[in-house]
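Values quoted throughout were computed directly from the atomic coordinates according to the rules given, and no laboratory measurement underlies them. Just so it is clear, the structure is predicted and the values come from calculations on it, not from any experiment. Every residue, glycine among them, receives a Cβ derived from its backbone with ideal geometry; neighbour counts consider all protein chains shown.
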Amino acid sequence: MKNILLPTDFSKNSINAIHYALEFFKNEKCQFYILNIQKASSFISDDMMVVNTSATIYKTLIDAAKKSINNIITTLNKDFKNNNHQFHSIVDYDNFVDSINQVIVKHDIDLIIMGTKGASGIAKVLFGSNTVRVMQRCVAPVLAIPDGYKFKKLENLAFATTNSECFNRGHLDVLSEIITLSHASAHILHLADQNHLVYETHDNEYFFKTNFSQGKHEFIDTSKGDMFNVVHNYIAKHNIDMLAIMNKKHSFFERIFTTHAVERFAFKIDIPLLVMQY
């Protein structure tokens, strides 16, 4: 039984991510926890004028969110008709990341699946700020689904690593499960730049060949500034359907996908991104 967390703000792209999750795990028994997180700023001034106390504000907001989630669940049961799937509604009034981490612990969440949010002009970012924070600070792996991305069979998955640390099986359980479930081909990209020594490369190569015996290994020397282009070009050339990376401080993820540099890569990755926690 999988426990999967589906954060939603009721937007089109968050609903699209929920649909992706149900399609991907359609043959698996899953408990889906649909979570909406509210905050005080969700109220506009007109709302404040028609309620008298903070308790009434809180209750009004929470009740509306619960109703919206129940409507989503009703629609999902009607459209997908999958006895393998059970749905749970959670509404919280808290800091976004703190709320998600609490749900992860309480319900033993295996995976978070959430949509990315696009914007326009100078505000363009690869992921919505909430998604970035979840990837950087939450304690469960995250699968981010690009805005408008429609489910299709996963055939080729690439895992990009700089081999800055040795891996063990526990770090990559979700990666192994996704590959096994989808019968996807695994491409292991070992990346190194002139400022980063490839640590224990041979140990990691042995680890991957032992645990991902069908994986294809690519050893690529590249400059730090060109890592994103190298990965992006590989994705296009090899018809990669999902990219997986590890999140560790000062890691490949932080160097390539931090919010400080994210505008350089706006909307260039248009496939699901799996971020695992180290």
* Projected label distance in nm at GLU155 and LYS67, using a 7 Å step from Cα toward the beta-carbon -> 4.6 nm
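Sort MET227, MET114 so that the residue with the fewest other Cβ atoms within 10 Å of its own Cβ comes first and the one with the most comes last. Let's see the in-between values first.
Working: MET227 21, MET114 27.
By the 10 Å Cβ count, ascending: MET227, MET114.
Work out how much length LYS216 to ASN95 would gain on full extension: take 0.36 nm times their residue separation and subtract the Cα-Cα distance, in nm to one decimal.
So the chain would gain 39.5 nm between LYS216 and ASN95.
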* Structure fact -> In the structure shown, of LYS12/LYS66; LYS2/LYS152; LYS106/LYS152; LYS67/LYS152, the pairs separated by more than 26 angstrom at the C-alpha atoms are LYS106/LYS152; LYS67/LYS152
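How large is the Rg to Rh ratio of segment 66-117 when both quantities use alpha carbon positions and Rh follows Kirkwood? Don't jump to the answer; show the numbers that get you there.
Numbers: Rg = 12.8 Å, Rh = 12.9 Å.
Here the Rg-to-Rh quotient is 0.99.
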* Using the number of other C-beta atoms within 10 angstrom as an exposure proxy, rank ASP98, ASP9 with the fewest first. => ASP98, ASP9
